[in-house]
1. Find the all-direction average of the projected area of the Cα convex hull for the stretch 135-203, expressing the result in square nanometres with one decimal place.
2. If the reach is capped at under 24 angstrom between alpha carbons, list the lysines near Lys122, excluding any in the same chain fewer than eight residues apart.
3. Counting other C-beta atoms within 10 Å, and keeping those with at most 12, which DSSP coil chymotrypsin sites (Phe, Trp or Tyr not before Pro) do you find in the stretch 60-169?
4. Rounded to a whole number of µm²/s, how large is the Stokes-Einstein D of the stretch 1-42 at 4 °C and 1.567 mPa s, given Rh as the Kirkwood radius over C-alpha pairs?
5. How much of the calculated P(r) for the stretch 1-96 lies past 21 Å, in percent of all Cα pairs?
6. Report, as a whole number in µm² per second, the diffusion coefficient that Stokes-Einstein gives for the chain at 20 °C and 1.002 mPa s using the Kirkwood radius over alpha carbon pairs.
7. In whole Hz, with x marking every Gly and Pro, tabulate ³J(HN,Hα) for the stretch 118-123 from phi via Karplus 6.51 cos²θ - 1.76 cosθ + 1.60, θ = phi - 60°.
8. Quick one, can you get me the convex hull of the C-alpha atoms of the stretch 43-86 expressed as volume per residue in Å³?
Amino acid sequence: MADVTIGGRLHEFTAGSIGLADDVARTLGVEKFDEELTYQGGTLLTARIRPYDAQIQLTEDRLVAVWRGRRRCFFTEMYGATTTDLLGVLRTLRVEEHDDGLTLRPTSKTGAEFAAPATVLKEVSGLGLLEIAPLTKQRAGQLPSWRGLRTQAGELFRDVLPDGQPYFVLAAADAWLSLVPFADTDLEQVPALVNRLRVRTAG
């Protein structure tokens with residue numbers, strides 16, 4: 001996932017293997033796409049949804065967009081936007097598909113820039129859902145005040161989410177990971193499993 005500031009507005013992009021974006025769109029209520037365009041070596045599909053938000057008692061107008069390449073895809077959405085607005089945003093980014101993933105890079109002189117380092121979500125069998133990001137000063141400052149468990153992968157902390165579900169945070173040498181275990185994960189085995197991880201940022 002990556003947050004990009006374009007024209008003073010924040011836009012979120014989620015990339016992954018082919019099919020991920022369609023799955024996300026379905027969870028939002030998209031049954032079929034309204035438009036299909038050829039765009040930057042792939043196919044861009046859009047759909048408009050108007051869900052009712054009971055909390056603010058308003059019907060939202062959201063444009064859902066999916067870009068599909070050969071094996072990779074990305075998803076984004078905009079509020080109160082047209083397809084022309086969407087294309088204006090996407091023109092500030094260069095989409096490149098690679099064997100090991102997808103890159104979105106702001107093009108020069110468009111004013112688009114990353115608002116924060118991108119994060120990676122990955123399911124690890126027998127363990128849980130990992131969110132991986134560079135270990136910035138801001139994230140280091142958010143680590144628990146107590147001492148964590150030392151593992152070969154880094155310092156491991158255990159805490160609970162507001163709903164009571166356990167989760168873990170791992171501070172590696174140059175990376176930060178949060179781990180939400182699967183329902184059938186043996187929590188007592190998490191430190192041993194994490195100890196087998198090797199984590200580093202690229203570059």
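1. Values: hull surface 20.9 nm².
About 5.2 nm², averaged over all directions.
2. Qualifying lysines at Cα under 24 Å: Lys137.
3. Numbers: sites: Trp67, Phe74, Phe75, Tyr79, Phe114, Trp146, Phe157, Tyr167, Phe168; in loops: Trp146.
Counting only loop positions with at most 12 other Cβ atoms within 10 Å, the chymotrypsin sites (Phe, Trp or Tyr not before Pro) in the stretch 60-169 are Trp146.
4. Working: Rh = 12.4 Å.
Here the translational diffusion coefficient equals 104 µm²/s.
5. Working: 1342 of 4560 pairs.
Value for the stretch 1-96: 29 percent of Cα pairs lie more than 21 Å apart.
6. For the chosen part, D equals 113 µm²/s.
7. 5, 10, 10, 9, 8, 8
8. Residue-normalised Cα hull volume stands at 69 Å³.
The values are calculated or read from the model by the stated rules, or taken from the named source; none is laboratory data. Please read these numbers as outputs of a predicted model, since none were measured by experiment. All Cβ positions, glycine included, derive from the backbone under ideal geometry; neighbour counts span all protein chains shown. We work out accessible area using only protein heavy atoms, side chains counted, and drop any ligands, DNA or RNA first. Shrake-Rupley method; radii C 1.70, N 1.55, O 1.52, S 1.80 Å.
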